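Structure, as structure tokens:
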Amino acid sequence: MVAAAGLAGFLVAAAPASAETALRPLVPSPTRWLVDGDFAKAADDEQPRNRARMNLSGAACAPPPLRSAVCLIVNDEKKYAQLFRIDGRTLRPGAVIRLTGQDQRGDPDAEGAAFADGYFWVIGSHGRTRHGDEAGDSRFVVLRVAADRRGRPMVPPSADEPAGVAASTRLGDAIREATGLGDFYGKPLAANGVNIEGVAVAGGRMHLGFRGPSVAGDGFVLSVDADAVFTARKPLHPTVTRLALGTATGIRDLAAVRGGILVLTGPVNDQPVAPALYLWRPRTGALRPLGPLAPPTGLPEGAKAETVLVLRDRPGEPLRVLIMYDGAENGFPTEYRIGR
């Protein structure tokens, strides 16, 4: 079903009713992953709840082979991201990249990362805090870091200044005027307000996955021309897609794979919704549930699946992904293998 309204075209992608409940849970691989040290060591004045390594929210790597690629991980509490590498089954944190200036009020609430077309892309939440106590103007931003084919930043990263980091605020108006999203723009997350948590860039389009709102069992993806986000006079050509994910279920992350976009889902707030993976094909609108995620042994109570990082995506082989959890030390990286 397609209908034109407002700034955005409006598409509906339906999954088979209760299909995810009919699938076997996706079980963690027995392979154990480690982190060599910590992601962004805590400052002396920090509380455990706002340490970067406890609030990892998105990651992306330059294309394989991963052993020579550079990756970027973001968190939703600080003004910086961090580079890392994958060495076997160990994540090795590297240089910190300052995303916004020292004089910028608030952090960008970075919720997702992607790598495509020679850039790392980082998305701010574009939303208010849980209970709306802060307007969060600093969150209404998309950031981009130019990199070579292996993911090495073209400008040496700085922990003090946003060197080589471009910023855009074009998406705010597109969200405000988008069908199905505009009514929730500027509302707190606790009131089902707009909050972006995932980004994927593929085929020249930037796809933005919304944790909230959830409306009549549907989650939302806003797709725009990726280059236009950083080109003032180029049209964004936005479209909105509603994905049938389930009651109080939102998108926690997106990742581009062969033939589509992986969608990681979870609760909008604290509803009893199990995390799950879907495969969405933007070209056809098809949405296929891959299954709910069985939690790994030892996962801290209250930790939520927040990041899906593609490890291997080869034709004829199971898809290998790394799931990382917000609220767990260094994301508690856990591998899952998914049949195609």
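For segment 105-120, the set of residues classified as part of a strand (DSSP E or B) and open to solvent by 30 Å² or more (accessible area, probe 1.4 Å) consists of Phe115, Tyr119, listed by residue number.
Conditions tested, residue by residue: (1) buried (at least 21 other Cβ atoms within 10 Å of the Cβ); (2) out of contact with any Lys or Arg (no Cβ under 7 Å at 6 or more places or on another chain).
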position: Asp173; (1), (2): no, yes
position: Gly209; (1), (2): yes, yes
position: Ser214; (1), (2): yes, yes
position: Gly217; (1), (2): no, yes
position: Phe220; (1), (2): yes, no
position: Ala228; (1), (2): no, no
position: Pro235; (1), (2): no, yes
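Name the residues in segment 158-181 that are of a type in the set (Val, Ile, Thr) and touching a residue at least 60 places away in the same chain (Cβ under 8 Å), would you?
Of the residues in segment 158-181, the ones of a type in the set (Val, Ile, Thr) are 165, 169, 175, 179.
Once the filter is applied, which keeps residues that are of a type in the set (Val, Ile, Thr) and touching a residue at least 60 places away in the same chain (Cβ under 8 Å), segment 158-181 yields Val165, Thr179.
Number of residues in segment 288-327 that are crowded, with 23+ Cβ neighbours inside 10 Å and either assigned to a loop (DSSP other than H, G, I, E, B) or more than 18 Å from the chain's Cα centre (by Cα) (or both) equals 0. Ala191 meets the conditions (1) under 21 Å from Gly285 (Cβ atoms); (2) out of contact with any Phe, Trp or Tyr (no Cβ under 7 Å at 6 or more places or on another chain); (3) at pLDDT below 95 in every case but one. The failed one is (1). Checking each residue in segment 272-282 for being in contact with a strand residue (DSSP E or B) (Cβ under 8 Å, 6 or more places away or on another chain) and open to solvent by 10 Å² or more (accessible area, probe 1.4 Å) picks out Val273, Ala274, Pro275, Leu279, Arg281, Pro282. When restricted to residues that are surrounded by fewer than 24 Cβ atoms within 10 Å (Cβ to Cβ) and not in a loop (DSSP other than H, G, I, E, B), segment 185-200 contains 3. Answer yes if at least one residue in segment 211-232 is more than 19 Å from the chain's Cα centre (by Cα) and basic (Lys, Arg), and no otherwise. No - not one qualifying residue is present in segment 211-232.
Every residue, every condition in (1) in contact (Cβ under 8 Å) with a residue 60 or more places away in the chain; (2) touching a Leu at 6+ places or on another chain (Cβ under 6 Å), yes or no:
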position	(1), (2)
Gly151	yes, no
Pro156	no, no
Arg205	yes, no
Gly217	no, no
Asp225	no, yes
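No other residue among Arg149, Arg144, Arg130 is modelled with pLDDT under 95 and closer than 27 Å to Leu311 by Cβ apart from Arg149.
The values are calculated or read from the model by the stated rules, or taken from the named source; none is laboratory data. Nothing here was measured: the structure is a model prediction, and the numbers come from that model. Here the Cβ is made from the backbone with ideal geometry for all residues, glycine too, and neighbour counts use every protein chain on show. Ligands, DNA and RNA are excluded from the accessible area calculation, which covers all protein heavy atoms including side chains. Shrake-Rupley method; radii C 1.70, N 1.55, O 1.52, S 1.80 Å.
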